[in-house]
There are 2 protein chains.
Amino acid sequence: MTQELQRRGSYEKGVRRRQEILDRAIEVFAERGAQGTSLRAIGEAIGVSHAALKHYFDSREELLIEVYRAAEERSTLGDPPVGTTGPVGLMTHAARRNHGVPGLVQLYSTLVAGALENGHDAARSFFSARFRDLRGLLADRVREEQRDGHIRADITPDAAAALIIAASDGLQTQWLLDPSVDIEESLSLLESLLQGPVRS
Amino acid sequence: MTQELQRRGSYEKGVRRRQEILDRAIEVFAERGAQGTSLRAIGEAIGVSHAALKHYFDSREELLIEVYRAAEERSTLGDPPVGTTGPVGLMTHAARRNHGVPGLVQLYSTLVAGALENGHDAARSFFSARFRDLRGLLADRVREEQRDGHIRADITPDAAAALIIAASDGLQTQWLLDPSVDIEESLSLLESLLQGPVRS
């Protein structure tokens, strides 16, 4: 085996191992969230040595961000929202999916709150980019729905996109604190308002 | 001086001292948020001994909640929203006020994220009650506006109240991560949607 092949083999093994750690961490966090635990305690919970974790992730925050990113990508890939093409429908679908994994909603809140503080550069750049991309994606959906006559033409797509994301995030927070809050009812109210007046 | 009077004098002194600590803490947090500092570091920042802080507040979280509560009450008292009686107008007013004190928005996010995790009972009960009361208040405003013909009659007040709070909270988060997000534009979009169709 040449050195090049050895390096590649070892790199691929590293990528697999990192992936296994993320898989296991997602299971743990889906159940119980971040809970302010240290990198060491996380290692214990997922059965990975502290040294191994430090090898694959620079910090606790980087691990948590990667867990969140992997969990989000996986659920998006594994469960395409058939028939839900509207911008609010997409967020409702995501909220419904999150219903089953309150630990990930907790993890999301913890990371976003951290991102707002100084000194959390990894979280700040991840979430700034995530919100920006999501606003872009939803604004495009708003434009499409406006062309198709499903969303009022007098609405500014960017303002609507930020509003829809905010509504979805904020409702999930309220629901975690009080399960009687009906996320879907409020989101479907927003959807119908964007569509325009009900003909009576 | 009777013992009773001594006790009362000492009680009043304690209340005043606690209030002074909160005043000083609000100034510090308004500038820089909670930033994951310990109770000891907070004491240093506001020039109060760790022992004194422990005397007045059971934990770091209790101090932070009291700082948030006092700051919110103060700004509500000091600046009544004249002419903003609608539910979205109220939240827009609050968001505008928060614009000047990003540290308090950070503090709010930190406390709410903490409240979603287990083991943060003080924050959980404070924010559950705060959201419930705020939903009740805004739902009443929605009903009034419906009676006056300013909000569409076919809207469920409770669903609208949760939606308005969620929108305001979520937009402030997005704005802290990206100042180009226009909170007021998105909230005024929501307000106009609740009012009903624009006549063209």
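The values are calculated or read from the model by the stated rules, or taken from the named source; none is laboratory data. What you are looking at is a predicted structure, and each value in this text was computed from that prediction instead of being measured. Note: ideal-geometry Cβ built from the backbone for every residue, glycine included; neighbour counts use all protein chains shown. Surface accessibility is based on the protein's heavy atoms, side chains included, excluding ligands, DNA and RNA. Shrake-Rupley method; radii C 1.70, N 1.55, O 1.52, S 1.80 Å.
Step by step: first the residues of the stretch A:107-121, then only those that are aliphatic (A, V, I, L, M) and either within 15 Å of A:Leu63 (Cβ to Cβ) or in a helix (DSSP H, G or I) (or both), then the one that is nearest to the other protein chains (Cβ to nearest Cβ). Which residue is that?
Here the residue is A:Ala113.
Among the residues of the stretch B:124-132, are any more than 7 Å from every other protein chain (Cβ to nearest Cβ), aromatic (Phe, Trp, Tyr) and over 23 Å from B:Arg60 (Cα atoms)?
No, the stretch B:124-132 contains no residue that is more than 7 Å from every other protein chain (Cβ to nearest Cβ), aromatic (Phe, Trp, Tyr) and over 23 Å from B:Arg60 (Cα atoms).
Quick one: which of A:Ser168, A:Ser128, A:Ser192, A:Ser186 is open to solvent by 10 Å² or more (accessible area, probe 1.4 Å), assigned to a helix (DSSP H, G or I) and under 15 Å from B:Gly170 (Cβ atoms)?
Exactly one residue qualifies, and that residue is A:Ser128.
In the stretch A:143-162, how many are open to solvent by less than 80 Å² (accessible area, probe 1.4 Å), within 11 Å of chain B (Cβ to nearest Cβ) and part of a helix (DSSP H, G or I)?
5
Taking the condition at the interface with chain A (Cβ under 7 Å from one of its Cβ atoms), within 20 Å of the chain's Cα centre (by Cα) and modelled with pLDDT of 95 or more, does B:Leu171 pass?
yes
Examine the stretch A:114-134 for a residue that is small (Gly, Ala, Ser), in contact with a His (Cβ under 6 Å, 6 or more places away or on another chain) and at pLDDT below 95, and state whether such a residue exists.
Scanning the stretch A:114-134 turns up at least one residue that is small (Gly, Ala, Ser), in contact with a His (Cβ under 6 Å, 6 or more places away or on another chain) and at pLDDT below 95.
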